[in-house]
1. Among the complete DSSP H segments of chain A, which ones combine at least 27 Å of alpha-carbon extent along their axis with a mean Kyte-Doolittle hydropathy of 0.0 or more?
2. log₁₀ I(q)/I(0) of the stretch B:2-247 at q = 0.11, 0.12 Å⁻¹, via Debye over equal Cα point scatterers, no solvent, to two decimals?
3. Please report the spacing between the Cα centers of the stretch A:192-208 and the stretch A:113-182 in Å, no decimals.
4. Exposure proxy check: B:THR92, A:THR304 ranked by fewest other beta carbons within 10 Å?
5. Taking N as the number of residues in the stretch B:131-182, what is its Cα Rg relative to 2.2 N^0.38 Å?
6. What do you get for Rg/Rh over the stretch A:200-265 if you use C-alpha atoms and the Kirkwood form of Rh?
7. Taking the stretch B:1-101 as the region of interest, what is the percent of Cα-Cα pairs per 5 angstrom bin, listed from the shortest bin to the one with the maximum distance?
8. First measure r as the distance between the Cβ atoms of A:VAL289 and A:PHE96, then evaluate 1/(1 + (r/R0)^6) with R0 = 45 Å and state the FRET efficiency to the nearest 0.05.
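No value in this document is a laboratory result; all are computed from the given coordinates. Keep in mind that what you see is a predicted model, and the values were worked out from it rather than measured. Counting neighbours? That spans all protein chains shown, and the Cβs are built from the backbone with ideal geometry, glycine included.
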Amino acid sequence: MRRELIKFALFAAVVLTVPAVVKGGYLLNVLVFVGINTMLAVALNLLLGFAGQISLGQAAFYGLGAYLSGILTATHGWNPWLALFAAAAAVGLLAFAIGFPILKLKGHYLAMATLGFGIIVYIVFNEYVDVTGGPSGFPGIPGLQIGDLRFDSDLKSYYLIWTTALLIMLLAVNLTRSRIGRALRAIHDSEVAARVLGVNARLLKVQVFACSAVISCIAGSLYAHTVTFISPSTFGFHFSVELLTMVIIGGLGSIYGSCLGAALLTLLPEFLRTFQDYDIVVYGLLLIVMTMFMPGGLVQGAATVWRLALRLLPAKGRGDA
Amino acid sequence: MLEVQGVTCVFGGLTALDDVSFTVRAGEITGVIGPNGAGKTTLFNIITGIYARTAGRIVLEGRDISGLPPERLTRLGLVRTFQNIELFGQMTVLENVMVGLHTRSRSGFFACACKLPQHLAEERRIRAQATELLEFVGIPDLADTVASNLPFGKGRLLEIARALAVKPRIMLMDEPAAGLNSRETWQLGELIRKIRDTGVTVVLVEHDMELVMDICDAIVVLNLGRKLAEGTPRQIQENSEVIAAYLGEG
């Protein structure tokens, strides 16, 4: 338990000192998005990595957060923080309501149902032009501020986003190491055995689904206030799949892995610019290689490589002597 | 304690159980035996709410529990183990038992995520209780082993410890000796007696006749979905119909 805390403190220290090294510019801007994607990947990991329930509609909850915040503040003049909490509460209730029927489904059927939900929400963003601005987007969302502190630069946004992301990661780690986390993993391994032991699998699945939706919604609100302009294309099906990739690459059931997965998938396209038109090919190849050789995800894969190296090194030492 | 009243179960055209009735007395070990395909496991799945019955009633301590889902039955004091042990393979042995203590702890999402003091105290209590249960079944040294790495016999013991964690008043065991060697079977018999002596009523489906005759206080014999006989081990051993069913029509 203490080791867990030290691990988190070290991680937080690294994250919070990054701006001292990066010193603004484009990279810092990208790192803000890494923070947002970390929240989203952690949210999906709670559902997929722990409870074993897939969702291809995560982008919809993210989008709902962004649009609700945008509409409530820009159109109706609400306080952004009030809008953020109102959006989170509304999306939590919505997830609860659709979770009960949807999570009765398993495997491919659950994937299809959540995919359907994602597409419906995407269509609403596009077609409800009077309210959402339709395909051309929704401009003029105010930035966040606490008292006189306005989050109007990349550096300030970085600290706002990453403080939230770190808080969410800490809460998620705590949750997964509690009776709730154990019950979720039990459902993942054998739902029938978990139920026989008195775990209310149906309710718990809906609760974690709602929890994941609320985190995604908060990430959406923060995104809207950070970029001040949103459009439906950000919240489409392809983004739900990208989130899924982040979680799988990072490692199912690893909260830190989700952060790594989010970082990799957000930064990689930026670095692959040097390959120009071939970047998508390289990107695809990397994903294939990683899933083939590190099926447990990056964090676990790195641990395996490390153990292998430790085993090889002393052997070499003996050989030299 | 537990009454099975006229339970019938039809799958398509096949009648798996036909009007089966018997009573399990509190504080006893009751064995349900019968040749393959007699409907023993089906009966268990109906009692524990995993299959739906076609007709009949299940009554637990005067309360109709027919068709209740497994998680409700657990809260009423009825728990089961599986023929092909259903462990949580990715979790450690101790964590498996801790899941069994789920109903005896109550911290919610918020308390767990924020590590509120009452949650931490509860977590310590659960850990201590789980360790005690592992000692009770005799595998305290395996607490930190990942469950999927356990040998089959130890996995069986873990499943029993996990089921005991819910503090059941009645425990149904589906072929607990399946896949065990003779020494493990003997130890299992001792453990089942020990469980009964703590006040838990035990019902077991079993093929190992030696074990059944040795530990059971009462036996129910099923054949082709019907109840063939009911009585003490001695009465069953002398029942000509039972002998015929096991050895073929004589």
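1. On the way: long enough: A:2-22 (30 Å, 1.48); A:25-45 (30 Å, 1.68); A:80-102 (32 Å, 2.01); A:107-127 (30 Å, 1.23); A:154-176 (32 Å, 1.22); A:201-227 (39 Å, 1.26); A:298-320 (32 Å, 0.25).
Flagged H segments are A:2-22, A:25-45, A:80-102, A:107-127, A:154-176, A:201-227, A:298-320.
2. -0.60, -0.71
3. Cα centres, the stretch A:192-208 to the stretch A:113-182: 29 Å.
4. Numbers: B:THR92 16, A:THR304 13.
With the sparsest Cβ surroundings first, the list reads A:THR304, B:THR92.
5. Numbers: Rg = 11.2 Å, N = 52, 2.2 N^0.38 = 9.9 Å.
Relative to the rule-of-thumb radius for its length, the stretch B:131-182 sits at 1.14.
6. Working: Rg = 13.7 Å, Rh = 13.4 Å.
Value, to two decimals: 1.02.
7. Once binned at 5 Å, the Cα pair distances of the stretch B:1-101 give 3, 11, 20, 22, 19, 12, 8, 4, 1.
8. On the way: r = 40 Å, r/R0 = 0.88.
Using R0 = 45 Å, I get an efficiency of 0.70.
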